[in-house]
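The block underneath contains the structure these notes are about, expressed in C-alpha cells.
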Ligand SMILES: *[C@@H]1O[C@H](CO)[C@@H](O)[C@H](O)[C@H]1NC(C)=O
Ligand SMILES: *[C@@H]1O[C@H](CO)[C@@H](O)[C@H](O)[C@H]1NC(C)=O
C-alpha cells in the first residue's frame, strides 16, 4: 500500500515536472510587455522589434504574442533571422496590425513587414491592414505617387508557415514568398478591391516546396502569381475572385531566367475573374521554361479567360515586343475544368512562334458561354485531348 502511494506520488510529481518543463521550454514574448499599445495609433514598431530580438535569442521554441486590438506598425520593418538561436519562432496574432494612414510613410519600401533569412517561423492568425486604398486612388489620378510596399514578404527563408492570416488592402502584393525552401500557407484570406492595381494575393518566386491550401483570395491582380524559378509548388482548394486568376508568369522578360516546373493546382473556383488558369510570357528571347504543370478540378463562374496561355503578354499594350517568346512551354495538363465563360473564347492557346507549346493535354473540359458551347483558339499549340472536351480542342 505504502509502496503504491509513493509510486503514485512520484508519478504525479514527475508529470508536474514534465508539464512545468514543457511550458518553460516554450518561451512567451508578449509585444505589450515591450511597450506595444493596442490603440491603433501608438507606433509599436520598436516593441515588435524588441520582442523579435528576445525571441530570436531564445535557445528554445519561442512564441511572440500579439493580443487583440489594433497595433500600428508605423514604418517598414525587417525581421532578420541570420543570427537567431531559436529554430522555431511563432507569431501568434489575435489582433490587427495596421499601417500608417499616410501611404507615403511606407510607400517607398519594398515591403512593409519583411522576414529575411529566417528558419522555422510561423505566423498564426491575425489581420494585416495596409490601408492601401488611398494609394490606389492616387495611382488612378494623374498625381505622382510612390510605387507602394508589399504587405508581408519572406526572403531566403526555410520552413515557413502562414496559417489563418488575413491580409487586406495592401498597397501592392499582399504576400510574397521569394527564394524560400518549404513554405506552407493555409487558411489565408486576402481581400482588396477588384480594381486595385498590382495587389497580387500570394506571389511565389525562386522557391521550392511551397504549398498553398484552403485560401480565399479576392483582389485587383493575380490571386496567386507564380514567378520564375519555382519548382514543386502545390496549390489546393482556392477560391479566387475578384482578381486576375492563378497565373504562372509573367515570365521571359529576361533573357536568362530560371524555369518553372512541377506545379499542381487542384480544386479551385474562379468567380468573375479576368482569368482562370493562366500562363503568360513576354514575346522576347529567353531561356526560361514552364513544364510539368497539372491544372485539375476547377470551376469557372463568369470568367473572361478560363483557360489561357498567352505568350504575347503585354498588359498595357505599349512598346510591346514582337520577337516570339523564348519560354518553352511543355507538358501542361488540364483535367476536369467546368463552368461558364464571360467571353466567347474560353480556351486560348496563343503560343510562341519560335517555341511552340508542346504536350498540352485536355481531359474532361466543359466551358460554356451564354448557355452555348464556348470557342477555342490555338496558335502554335500542340497536344492531345481525351474524354469529353467542350469547346472542341483546337490543338
Ligand atoms: C512535385 O512536387 C511535389 C510537391 O508539390 C512533390 O511531392 C513531388 O515529389 C515533386 N515531383 C517531382 C518529380 O519532383
Ligand atoms: C456542359 O455543361 C452544360 C451546362 O452545365 C451542359 O448543359 C452540357 O450538357 C455540358 N456538356 C457536356 C458535353 O457535358
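Throughout, read-outs are computed from the coordinates displayed, never taken from laboratory work. In this text the structure is predicted, and so the values were computed from the model without any measurement. We place every Cβ from the backbone using ideal geometry, glycine too, and count neighbours over all the protein chains shown.
Things worth noting here:
- The chain: C-alpha gyration tensor shape, a/c 1.5 cut-off, then a/b vs b/c: prolate
- GNM on the chain, alpha-carbon springs under 10 angstrom: the most fluctuating residue among 109, 298, 346 is 109.
- Whole-number percent relative contact order across segment 57-184, with pairs defined as alpha carbons under 8 Å at least 6 apart: 24 percent
- Axis angle, to the nearest 10 degrees, between helix 2-25 and the longest C-alpha principal axis of the chain: 50 degrees.
- Once the chain from residue 32 to residue 181 is taken as fully extended at 0.36 nm per residue, the excess over their C-alpha distance is 50.4 nm.
- Distance in nm between pseudo-label sites at residue 78 and residue 105 (7 Å out along the Cβ direction from Cα): 2.1 nm
- Relative to the longest principal axis of the Cα atoms of the chain, helix 45-57 runs at roughly 70 degrees.
- Taking each DSSP H run with n ≥ 4 as -39500 (n - 2.57) and averaging over every residue of the chain yields -3500 deg cm²/dmol at 222 nm.
- Counting DSSP beta bridges with both ends in segment 222-395, the antiparallel % (nearest 5): 5 percent
- Spacing of the two label points (7 Å from each Cα toward its C-beta) at residue 264 and residue 117, in nm: 3.4 nm
- Mean-position separation - Cα centroids, segment 246-264 and segment 280-320, in angstrom: 10 Å
- With a simple spin-label model that places each label point 7 Å from the Cα along the Cα-to-Cβ direction, the separation between residue 133 and residue 322 comes to 4.3 nm.
- DSSP finds beta bridges in the chain, and of those with both partners inside it, around 0 percent are antiparallel.
- Extended-chain gain in nm, criterion 0.36 nm per residue less alpha-carbon gap, residue 371 and residue 70: 103.6 nm
- Ranked by how many other beta carbons lie within 10 Å on average, peptides 385-391, 215-221, 179-185 from highest: 215-221, 179-185, 385-391
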